[in-house]
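**Q** Following this message is one structure expressed as structure tokens.
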Amino acid sequence: MMMVKAIIRPERLEFVKQALEKAGINGMTIREVQGRGDQKGITLTYRGGKMNVDFIPKTMLDVIVADEMAEKTAEIIMNAARTGKVGDGRIFVLPVIKSFRIRTGEEIH
Amino acid sequence: MMMVKAIIRPERLEFVKQALEKAGINGMTIREVQGRGDQKGITLTYRGGKMNVDFIPKTMLDVIVADEMAEKTAEIIMNAARTGKVGDGRIFVLPVIKSFRIRTGEEIH
Amino acid sequence: MMMVKAIIRPERLEFVKQALEKAGINGMTIREVQGRGDQKGITLTYRGGKMNVDFIPKTMLDVIVADEMAEKTAEIIMNAARTGKVGDGRIFVLPVIKSFRIRTGEEIH
Amino acid sequence: MALDSGTTAWLLISTALVMLMTPAVGFFYGGLVRRKNFISMVALSFIVFALVSIQWVILGYSLAFGGDIGGLIGNLQHFGLEGLDPGQGDTAYPPLLFVAFQLVFATVTMAIVTSGFAERVRLSAFVIFVLLWTTLVYDPLAHWAWGGGWTMGLGSLDFAGGTVVHISSGFAALAVALVIGKRAGFGQYTMEPHNIPMTLLGAALLWFGWFGFNAGSALAANGLAANAFLVTNTSAAAGALAWLFASWIRGKPSSLGMVSGAIAGLVAITPAAGFVTVPASIAIGIAAGLLCYACMLWRINKGLDESLDAWSIHGMGGLWGAIATGIFAAAAVNGFSGLIEGNVQQFVANAIGALAALAYAFIVTYILALAIDRVIGLRVSEEEEYVGLDLSQHGERV
Amino acid sequence: MALDSGTTAWLLISTALVMLMTPAVGFFYGGLVRRKNFISMVALSFIVFALVSIQWVILGYSLAFGGDIGGLIGNLQHFGLEGLDPGQGDTAYPPLLFVAFQLVFATVTMAIVTSGFAERVRLSAFVIFVLLWTTLVYDPLAHWAWGGGWTMGLGSLDFAGGTVVHISSGFAALAVALVIGKRAGFGQYTMEPHNIPMTLLGAALLWFGWFGFNAGSALAANGLAANAFLVTNTSAAAGALAWLFASWIRGKPSSLGMVSGAIAGLVAITPAAGFVTVPASIAIGIAAGLLCYACMLWRINKGLDESLDAWSIHGMGGLWGAIATGIFAAAAVNGFSGLIEGNVQQFVANAIGALAALAYAFIVTYILALAIDRVIGLRVSEEEEYVGLDLSQHGERV
Amino acid sequence: MALDSGTTAWLLISTALVMLMTPAVGFFYGGLVRRKNFISMVALSFIVFALVSIQWVILGYSLAFGGDIGGLIGNLQHFGLEGLDPGQGDTAYPPLLFVAFQLVFATVTMAIVTSGFAERVRLSAFVIFVLLWTTLVYDPLAHWAWGGGWTMGLGSLDFAGGTVVHISSGFAALAVALVIGKRAGFGQYTMEPHNIPMTLLGAALLWFGWFGFNAGSALAANGLAANAFLVTNTSAAAGALAWLFASWIRGKPSSLGMVSGAIAGLVAITPAAGFVTVPASIAIGIAAGLLCYACMLWRINKGLDESLDAWSIHGMGGLWGAIATGIFAAAAVNGFSGLIEGNVQQFVANAIGALAALAYAFIVTYILALAIDRVIGLRVSEEEEYVGLDLSQHGERV
Ligand SMILES: Nc1ncnc2c1ncn2[C@@H]1O[C@H](COP(=O)(O)OP(=O)(O)O)[C@@H](O)[C@H]1O
Ligand SMILES: Nc1ncnc2c1ncn2[C@@H]1O[C@H](COP(=O)(O)OP(=O)(O)O)[C@@H](O)[C@H]1O
Ligand SMILES: Nc1ncnc2c1ncn2[C@@H]1O[C@H](COP(=O)(O)OP(=O)(O)O)[C@@H](O)[C@H]1O
């Protein structure tokens, strides 16, 4: 199996979710992360101090799919998450050696 | 080494931790995530708008263990995290190529 | 490509970021996590109940780099994140099979 | 008596201060529950406030302060506030202001009871419960103590609501908790308070509002109000320190313990505020802090899920306060003597008043909760409890 | 008239209560926006408070309450508070206290308008807008209704600011929203309120402060203040329940709906508080809750991004309140009769006063916003809106 | 003098308002520290409140307002409030109310000092520090200025506590910071304020409470109170805008800067509120905002970890306020003239009063902190500081 790990704009999540759903992919796990890339940050000024903030809020999405579905999944996500502007994010595909469903204890293939 | 990545119910964490501890596994890294699967969500209604919430809070657990311990670790987690109801979560085992301890800079095998 | 996944002390992030920047590595994704290891926790006491807290706040850092850069990247992070005291954290290197830039849809090699 | 503008000003602002206590209870409780029930907990206090506000002006005020029927309840002469002139009456403050002042006492009492429902009540059942409880439990008790009922006739002293507000709500919460049952998972894993600062904020607003509650109950801006103000603050401080240091001995001094002790001190001084001196208020506060702390530990030990400790703090703190009033009342303050000044009768009257309120509130609440549970069900489904009341009852989340 | 200490005490504290409403609006609104604009939303309320506080003592008070010029505006006789003795005047309260009391009304009005700017306004343009709006819109309207202007002469009743405060701010927010345009992404994805408890806290503080707003407007601590106090609370409760149950029918009863209904009830009773009875206030509140809820649904349906519903709640709620005052005014309360008691003239006068304020506020605000937008730009850049105003305008983050 | 109900009402509510300022300081500070010390920061304010409340009724009030001993301290005639009749005294308000009003000043002063301890103090050492500081520093200073002590005799004007409260707490915080040392990591990485909205909420409550602080200090509900109310608000607004615009020039206009400026304006007007006109309060506020901002920048530049700027805002703002009172006092307001009206003597008296308080507070605090540090250790261990005081001192977490 493969873990398709996507880092997207938070406000595109809804679209990505729907696109995956259409393709029959329902299971996924998400979380809020902060990303740094070409997208430029901003300088914070507190009462006195300053601080450069170049991490931008992103949503990270893990979708485990069968090997042959990985590329397709990445494509669906990319199409749904794209705005075309810097900061759209990345997708990484990682190998998964084994996978289990806790409820039943069975291995998933 | 292997990364055993478990997505469990937040309220089962304490049990999982203790079960792993008993097996001599202490190190782990956790975080709050939100999961989507067969567990059904709920419709939110704001002052006016509506929104379907089908992501349920979960806890994600990363435990890096030696290759031969991976399956055993997954089993321990599954037994401790199981309630038998939909939404118990998944475990994924990913390969780790290298592993370092920052404090000493040494590689861990 | 490789995913260098580092778990560091939150207050060392700034130093790690700068060290990576110096080496020409800009892209990364971070999030707050909680770690458990040799660093000892503390007992919480609420109005009545007690609870042992042995998860300490950490920052997790994902940096995807070319295969040949992985070890170098890990080293840079380790040097910048080190305080020498228990709790400095770990670095894990995971294989990445494919990698895409969402904005353009192109694969990154 | 001619209307006095100073008295009226003080009662106006006291009413506003006490009004703030109802949402303050919501925030105090809201910080103590799990994140998934935060909105629910605050919303319950608002719902209580709105429902009781309407019930009071239509029915409740008349039941509590209408012409006495056999010492038990008021008649309906003031139904819909009939017969209350918007202008001046025969007091130093306008009659409608007294209605408003009493209204906010009724609301905060009901809000305290939500402790027993925390994280598991069905909203529709709760709405019905509120309307029935305030009518069947609060209104009679207010009549007994303040509206010309039998405990008032008995000479039982309750300056600002130790029995009517605190004993009644605390023991009602206990009855509710017994009927509705434990939260799923209670005792199996720790239910960590998810937002302690919100609880501290609620505590700060409660302490603030309590000055209106106790010093406002003097129904005048005078020396008695000043005495009530200062003993209220002193008892709260003493209670906070007592619980803080007691819990320090057993482990770490938690901020939650400290504010719980402050509330305990505020509760205990409530019936006594117009009758005791400042030094006595230190004793009352310390005892309240220690007693309520012990009661809470006992409750937890027994595996009783009266979730947010209305019973141990308001119920038992109120009981202590009622008895303490009978002990410490000093003639120099307001003409009434307690046990220490040799007046056994006062002590007995106060004990009777307190126990009567306790028994009445507990029994009627128990029956009421049971009846509602049987007919429509007090509790949400297992699944709804799991996702939390914010999502399942309100369709909202933090 | 001799200075009365009770009246003065009540006005002092009422002024403080109303002062609290300005940041309360900030927190109410702040909880409703996305996290990245939370600080911005609260900061706007503080900035409003500071700017209008200075404008008022220099210029605004004189424009509103200086000698009348043609029924439209006050003269500059009190520029810089010139000619106001710090001591006693010819009222039961010190003249400077009246300045302060009126000041906090001016600030909260301006704060309500920020709804139309939410999550997209450029701070520099906002500062200019505030100074011009309060001078060109608020000050004349205050003069019309309370400073000896033409609607006052007409006999239009506005007890505490239904037209001056609520109609004006609500319709101004609408005009602003039309000029500044929708937020990026509005209608495409849900913009989830990021911190509902903060909104509930803001609502609690608003409800609390409103007692100063309405009961303080009696300008005395007497039966009229008591009446205003009680009808205010009753209408708020009725509005909260009306919206709650109406939204329950359509889905889940949200806490946001409930507090929105409470605010609607508070808005609607504002002009009426010194003229109507408690039973009438129940009707006014229920109607306000239902009406404002319907208006909000209509607005959303139309794709109108008047983001935080100042229009549907304050604008439409205020309009209803002004008309309701003309309907329900009861001679028994304050000597004035409305439609129900057969006084058609009062109804007409109130409708005229309300519509005049509505038209004036909407048109002048529209022109003002357009002019500022053309000259320096009201709105942040797309990129700044994306990262959020906290970071882009204030260099801060939650 | 007969008791006046209006005056009493105003003092009752003023006392409640000032009470709220102590937890408000806790929330203001709590938002500025790192998440791991949020509860600790709020808890310190509550602990201060409880400890000083008890110390004051037992000992503090008598030291401050008991019979004068050599101009330096009061005697023990009122130990345990001995000799204070719960009823009426020879003032227009009850004597116990004056005790309560002064109590809340003592508590908030102590709360401000916690700035110097932020994120690193050992709770047990803090408890001892509080009891000693309020007895050895606050009580004498209160006696000097208000209880018949030497600066009062000198004719130094301090309307509501510029020297007693602000100079003393600000310079005490500086002394504490010098003794306890910098936070680990200070200057190496940014310590980002973790919850700016909480700081804004604290600021709103402080502003609100300050009306009780300054206008309550008129000890009457009259024109003087009204003047104090309005100049307080005006100076706060001016300070907020001054800091906001000054920081805008150097970068972005932060909300924290704005509220810091407001507090600076509030501090500076405190000693002056009963003596200056509204136009003068604009000048005082602007200067306060700019001065305190400059002092804060200087402090940071020097690498001084007086962590939450009690020194630059309360200490230096208070110093400016004391001097400004000597400059701007206008006979028309309250019969006292300052430098501008040619009264050099007033200016000198005020400068002496301020510098004496400054020196006394700084030196005694320094010695006290040093002594406690030597004997039991003021600071937590490195490990405890790293995990944060919430966990290490209170066993709690956000
Ligand atoms: N080398 C990397 N490793 C991990 N995450 C990365 C890397 N490069 C980019 N990212 C993630 O992708 C996000 C978008 O990257 P950015 O360069 O801003 O835009 P784009 O991908 O459109 O060029 C970043 O915010 C970060 O979360
Ligand atoms: N394909 C997937 N990829 C990533 N995470 C998944 C996937 N399927 C399920 N999960 C995670 O597992 C959790 C539980 O899944 P669910 O289907 O609700 O229950 P169960 O595993 O008991 O059938 C989800 O909330 C989600 O976090
Ligand atoms: N086996 C493991 N799997 C996953 N994360 C681990 C593991 N061991 C340690 N960690 C992470 O590394 C952090 C530091 O570990 P710790 O043992 O406290 O210090 P050190 O690495 O300096 O010995 C932990 O808080 C945890 O986040």
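Just so it is clear, none of the values below were taken in a lab; they were calculated from the coordinates. Predicted model only: the values in this text are computed from it and were never measured. Cβ: placed from backbone, ideal geometry, glycine included. Neighbour counts: every protein chain shown.
**Q** At F:Phe79, label 7 Å along Cα→Cβ: distances to the other copies, nm, ascending?
**A** 6.4, 6.4
**Q** Given the C-alpha centroids of region D:323-370 and region F:277-328, what is the distance between them in whole angstrom?
**A** Distance between centres, Cα-based: 54 Å.
**Q** I would also like to ask the following. Going by average Cβ neighbours within 10 Å, how do the peptides E:178-186, F:241-249 rank, with the highest at the top? Before the final figure, lay out each step's value.
**A** On the way: E:178-186: 16.6, F:241-249: 22.0.
Final packing ranking: F:241-249, E:178-186.
**Q** Can you give the relative contact order of region B:2-108 as a percent, counting alpha carbon pairs under 8 Å and 6+ residues apart?
**A** Here the relative contact order equals 43 percent.
**Q** For chain D, what is the relative contact order in percent, using Cα pairs closer than 8 Å and at least 6 residues apart in sequence?
**A** Reported as a whole number, the value is 23 percent.
**Q** Sticking with this structure for a sec: From other protein chains only, count the Cβ atoms within 10 Å of every residue's Cβ in D:123-132, then give the mean.
**A** 1
**Q** Where the only charges are on Cβ atoms (+1 Lys, Arg; -1 Asp, Glu), what is the dipole of region B:15-71 about its Cα centre, to the nearest 20 debye? Before the final figure, lay out the partial values.
**A** Details: 8 positive and 8 negative charges, 122 e Å.
In debye, rounded to 20, region B:15-71 gives about 580.
**Q** While we're here: Order of E:Thr134, E:Thr277, C:Thr104, F:Thr107 from fewest to most other C-beta atoms within 10 Å?
**A** Numbers: E:Thr134 24, E:Thr277 21, C:Thr104 12, F:Thr107 29.
Ordered by Cβ neighbours within 10 Å, fewest first: C:Thr104, E:Thr277, E:Thr134, F:Thr107.
**Q** A further question on this structure: At a Cα cut-off below 28 Å, give the lysines reachable from B:Lys72, other chains included and same-chain residues fewer than 8 away excluded.
**A** A:Lys5, A:Lys98, B:Lys5, B:Lys17, B:Lys22, B:Lys58, B:Lys85, B:Lys98, C:Lys5, C:Lys40, C:Lys58
**Q** Going by average Cβ neighbours within 10 Å, how do the peptides F:162-173, F:111-122 rank, with the highest at the top?
**A** Details: F:162-173: 31.8, F:111-122: 26.8.
Top to bottom by mean Cβ count within 10 Å: F:162-173, F:111-122.
**Q** Taking a label point 7 Å out from Cα toward Cβ, give me the nm distances from A:Pro57 to the same spot in the other copies, shortest first, one decimal.
**A** Distances to the matching label points in the other copies: 1.7, 1.7 nm.
**Q** For region D:220-352, what does the convex hull of the Cα positions come to per residue, in cubic angstrom? Before the final figure, lay out the partial values.
**A** Details: hull volume 14.3 nm³, N = 133.
Taking only Cα atoms, region D:220-352 has a hull volume of 108 Å³ per residue.
**Q** Once you compute Rg and the Kirkwood Rh from C-alpha atoms, what is the Rg to Rh ratio for region C:2-108?
**A** Values: Rg = 16.7 Å, Rh = 15.4 Å.
Expressed as Rg/Rh, it is 1.09.
**Q** Between Rg and the Kirkwood Rh of the protein assembly as shown, both from Cα atoms, what is the Rg to Rh ratio?
**A** Values: Rg = 31.5 Å, Rh = 32.9 Å.
Using only Cα positions, Rg/Rh for the protein assembly as shown is 0.96.
**Q** Follow-up question, since we're still on this one. Please order E:His143, E:His314 by the number of other Cβ within 10 Å, starting at the fewest.
**A** So the ranking, lowest neighbour count to highest, is E:His143, E:His314.
**Q** For region C:67-101 and region D:88-146, what is the separation of their Cα centres, given in Å?
**A** For region C:67-101 versus region D:88-146, the Cα centre distance is 62 Å.
**Q** Using only the Cα atoms of chain E, what semi-axes does the equivalent ellipsoid have when each is the square root of 5 times a gyration tensor eigenvalue? Give whole Å, largest first. Working shown, then result.
**A** Details: eigenvalues 193, 128, 71 Å².
Ellipsoid half-lengths, sorted descending, are 31, 25, 19 Å.
**Q** Same structure, new question: With charges only on Cβ, +1 for K and R and -1 for D and E, what is the dipole size of chain E about its Cα centre, in debye, rounded to 20?
**A** Details: 14 positive and 20 negative charges, 205 e Å.
Roughly 980 debye for chain E.
**Q** From largest to smallest, what semi-axes in whole angstrom does region E:1-152 give when each is the square root of 5 times an eigenvalue of its alpha carbon gyration tensor? Let's see the in-between values first.
**A** Working: eigenvalues 175, 69, 27 Å².
Gyration-tensor ellipsoid for region E:1-152: 30, 19, 12 Å.
**Q** Quick one: if you stick a label point 7 Å off each Cα along the C-beta vector at C:Glu75 and E:Ser124, how many nm between them?
**A** It works out to 4.9 nm between the two label points.
**Q** Label position 7 Å from Cα toward Cβ: report the copy-to-copy distances for E:Lys302 in nm, one decimal, ordered from shortest.
**A** Result, one decimal in nm: 6.0, 6.0.
**Q** If you don't mind, there's one more thing I want to ask. I'd like the distance between the alpha-carbon centres of region B:1-47 and region D:152-226, rounded to an integer number of Å.
**A** With region B:1-47 and region D:152-226 each reduced to a Cα centre, they are spaced 37 Å.
**Q** Please state the charge dipole magnitude for the protein assembly as shown, taken about the Cα centre, from unit charges on C-beta atoms (+1 on K and R, -1 on D and E), reported in debye and rounded to the nearest 20. Show your work: numbers first, answer last.
**A** On the way: 96 positive and 102 negative charges, 815 e Å.
The calculation lands at about 3920 debye.
**Q** Quickly estimate the mean residue ellipticity at 222 nm for chain E, helices only: each DSSP H run with n ≥ 4 gives -39500 (n - 2.57), and the total goes over all residues, rounded to 500. If you can, show how the numbers build up before the last one.
**A** Values: 17 runs with 255 residues, N = 398.
The helix-only estimate for chain E comes to -21000 deg cm²/dmol at 222 nm.
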